[in-house]
Amino acid sequence: MSAREYDVIIAGGGLVGGALACGLAHVGARVAVIEAIPPSHAEQPSFDERTTALAPSTRNIFTAWGLWSDLAGAITPIRHIHCSEQGVLGCTHLDAEAEGTDALGWLAPNRALGATLNRRLAATAGADVYTPAELTSLERRAQNITVTASGAQGEHLLRGSLLVAADGARSRTRDMAGFSVAMQDYRQSAVITNVTPSRHHDGWAYERFTRSGPMAVLPISEGHSTVVWSLSHTAAAERASEPDEVFLAQMQKAFGYRLGRLKECTQRHVYPLHGVHAPRLAGERVALAGNAAHALHPVAGQGLNLSLRDAAELVEIVHSALSAGEDPGAEPALARYSQRRRADIERTRAFTNSLLRGFAIPGRFPRAVRGGALFTLSRCGPARRAFIRLAAGEMAPVPKAACQK
Ligand SMILES: Cc1cc2nc3c(=O)[nH]c(=O)nc-3n(C[C@H](O)[C@H](O)[C@H](O)COP(=O)(O)OP(=O)(O)OC[C@H]3O[C@@H](n4cnc5c(N)ncnc54)[C@H](O)[C@@H]3O)c2cc1C
């Protein structure tokens, strides 16, 4: 069997693999995506019922690749962020207008993100998607890497300069390529649902540290809000299986009445939460991206945004190598990727874990300190702006495409 030739082969065509393929095709690279579960399938794990908070870095990247305007009809802007802790007086309020910007972030349904990416890939001549298919073998040579994509349409041999593992937190490609990884059990599951409050959200996003775990209540279309409530596994199972009115009463007790009365909720879904940290990001013609490289707790809404900055860095490295007639999968290119991504990944991971750990410390004194910190953050301009830049994913070093033009 003769091999089909590409510049980059991507294992996993979820949010990160799909976006990376769009970005690479946008700069003229020939790209193949091997995806186990087709986008239209009800069990597709990336383009599912969740709604994802997109940071300004993601808006900038999607704009650079011509994808943002395709999403316009599906997104809801965040105009205000309110951060509080149950039973504590201090709170933080961030206001887009006061910061001189149109929005602090946006909410996009994962299904709409998937539809946008897959529409683009289907319309792009330089991108081939093999699905349903899995990568079942890989063979590295000095000049290239050859993989087998096995699926419903039989076996295909694909050859490229670079293989990217973007097949999620439990990446098989990463294991086959010999990368080690540290897994972290957060001992929590996230319950997600959409609620209908009696008051319109008017663009307000709430992060509430409840006694049972962090709860994000984020604005979506038609005045509804989407909820991500991280709880112990037992509490999450209870919240997910109880009748709607019991769940709404529990949520109202923990969240309060900022949006008025919570009237209805949609079916709840549960996601066990695990962290992933790969000490080595690339080598020997393979690079890791997205959850395959680093999975984070959703408390700060950073996982996908960080991952898309991996994708943007890869696009820039592959583009500059191809433009210079160089090999995008050779060691200098991979070393550049590892070196350029390290600081952003470490910083975002530390930010996420410190929020999680800081708000988990029990006792009156830690609560009083947190209340003071939330109060101060609102009123101290430099601290507030540094916090916003960190959450926006624009704090250097990040790929050029992630920065505001
Ligand atoms: C409850 C929750 C809420 C979140 N909210 C936010 C948020 O608001 N903002 C944010 O930035 N991030 C958020 N995240 C994180 C975000 O969802 C992840 O960062 C993102 O899904 C990572 O995408 P990925 O493509 O790397 O992995 P995945 O989404 O896991 O996709 C992996 C893809 O690879 C495919 N695959 C798996 N194995 C194989 C194989 N062997 N062969 C071929 N294909 C394979 C899968 O079918 C899938 O399509 C949240 C996460 C959770 C759990």
Most packed first (mean Cβ within 10 Å per residue), the peptides 93-104, 25-36, 313-324, 194-205 order as 25-36, 313-324, 194-205, 93-104
Both in Å, the radius of gyration and Dmax of the C-alpha trace of the chain are 21.3, 68
Compute the distance in nm between two label points, each set 7 Å from the Cα along the Cα-to-Cβ direction, one at ALA237 and one at SER323.
5.4
Tell me the relative contact order for the chain as a rounded percent, counting alpha carbon contacts under 8 Å between residues six or more apart.
21
Rounded to whole angstrom, the alpha-carbon centroid of the range 312-388 lies from that of the range 46-101 at a distance of 16
Once the Cβ-Cβ distance between ALA122 and THR146 is put in as r, and R0 is 25 Å, what FRET efficiency do you end up with, to the nearest 0.05?
0.45
Out of the DSSP beta bridges found with both residues in the chain, what percent are antiparallel (nearest 5)?
70
Before anything else, pin down the relative contact order of the range 240-312: Cα pairs under 8 Å, at least 6 apart, normalised by residue count, whole percent.
22
Give the shape of the range 7-66 as rounded, prolate or oblate, defined through the alpha-carbon gyration tensor: a ≥ b ≥ c are the square roots of its eigenvalues, a/c under 1.5 means rounded, and otherwise the shape is prolate if a/b is larger than b/c and oblate if not.
oblate
Can you work out the FRET efficiency for the pair TYR257 and VAL369, with r the C-beta to C-beta distance and R0 = 41 Å, to the nearest 0.05?
0.95
Going by average Cβ neighbours within 10 Å, how do the peptides 54-64, 372-382 rank, with the highest at the top?
54-64, 372-382
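Here, each number is a calculation from the coordinates, and none is a lab measurement. None of the values given here were measured: they were computed from a predicted structure. Neighbour counts run over all protein chains shown; Cβ positions are idealised from the backbone, glycine included.
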